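The values are calculated or read from the model by the stated rules, or taken from the named source; none is laboratory data. These numbers come from a predicted model, not from an experiment. Note that each Cβ is placed from the backbone with ideal geometry, even for glycine, and that neighbours are counted across all protein chains shown.
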Amino acid sequence: MARPLVLVLDGDEYPVSIVKIDREKLYGRVEIEAFDEKGREASLRVLAADGKTLIDKGGTALLSVTDKGDSVERNELIPITEDGEPIEQVPSSFNQKNELKPATVEDYFTQIVKSVYLVGTFGVDDLSVLYDHLSDGRIYTFPFSWRGGIEYDNAYLIGTNGDIFLVVGKQADFQFVKLNQAAVLDAGEEEEISADDLDFDLM
């Protein structure tokens, strides 16, 4: 059974469920099917580095190895700082009670949003009291981690039109510039864009 996310506001606890809102739920999706001249469905394969070997789906995998080439299981990896010190792990937000703190609109709008969730009831609990705290434009925040890890994300709780949303993101590092002053991009700030982030059907 799924675990509730327990939110605490003014000493009251609100066990809630969250459902991710993704592009597919908002816009639907398009599937492209390809067939050869005989009507047989085509499948995607990977061309190996030798330029002639075709690898079928499931024929490739990612593996972590040591500098000697030995494989390492993910649960054996330990995150460390640049100085080699172990990084203390943060627990999953589902394993603890999460105290809501007031946030400002400025805090909310300076986030780079990673995920948006629709907040629902867990069991027979009523969220009308929680929504009343949000209905006048108030925003609350708390540290959030789905599975636990090396750091928390920022989670913001907002309410609109009778619904409650959980917006998860990271603090943006804005560089303010004057008129006719160029901004400098730090090479370390470049972010890789995955294929999942590109949806040409929506353009």
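Each row is one residue, and each column tells you yes or no for (1) modelled with pLDDT under 90; (2) among the hydroxyl-bearing types (S, T, Y); (3) assigned to a loop (DSSP other than H, G, I, E, B).
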{"residue": "L7", "(1), (2), (3)": "no, no, no"}
{"residue": "I18", "(1), (2), (3)": "no, no, no"}
{"residue": "S43", "(1), (2), (3)": "yes, yes, yes"}
{"residue": "D50", "(1), (2), (3)": "no, no, yes"}
{"residue": "N75", "(1), (2), (3)": "yes, no, no"}
So which residues in region 129-141 are under 12 Å from T160 (Cα atoms) and either assigned to a loop (DSSP other than H, G, I, E, B) or over 26 Å from the mean Cα position of the chain (by Cα) (or both)? D132, S135, D136, G137, R138
Step by step: first the residues of region 25-41, then only those that are surrounded by 10 or more Cβ atoms within 10 Å (Cβ to Cβ) and in a helix (DSSP H, G or I), then the one that is modelled with the highest pLDDT. Which residue is that? Y27
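This table checks each residue for (1) out of contact with any Phe, Trp or Tyr (no Cβ under 6 Å at 6 or more places or on another chain); (2) among the β-branched types (V, I, T).
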site: L100; (1), (2): no, no
site: T110; (1), (2): yes, yes
site: T121; (1), (2): yes, yes
site: S128; (1), (2): yes, no
site: H133; (1), (2): yes, no
Please state which one of E99, E106 is exposed (fewer than 12 other Cβ atoms within 10 Å of the Cβ), closer than 28 Å to I21 by Cβ and charged (D, E, K, R). E106
Checked V16, V6, V72 against criteria (surrounded by 11 or more Cβ atoms within 10 Å (Cβ to Cβ), among the aliphatic types (A, V, I, L, M) and over 30 Å from L127 (Cα atoms)); the one match is V72
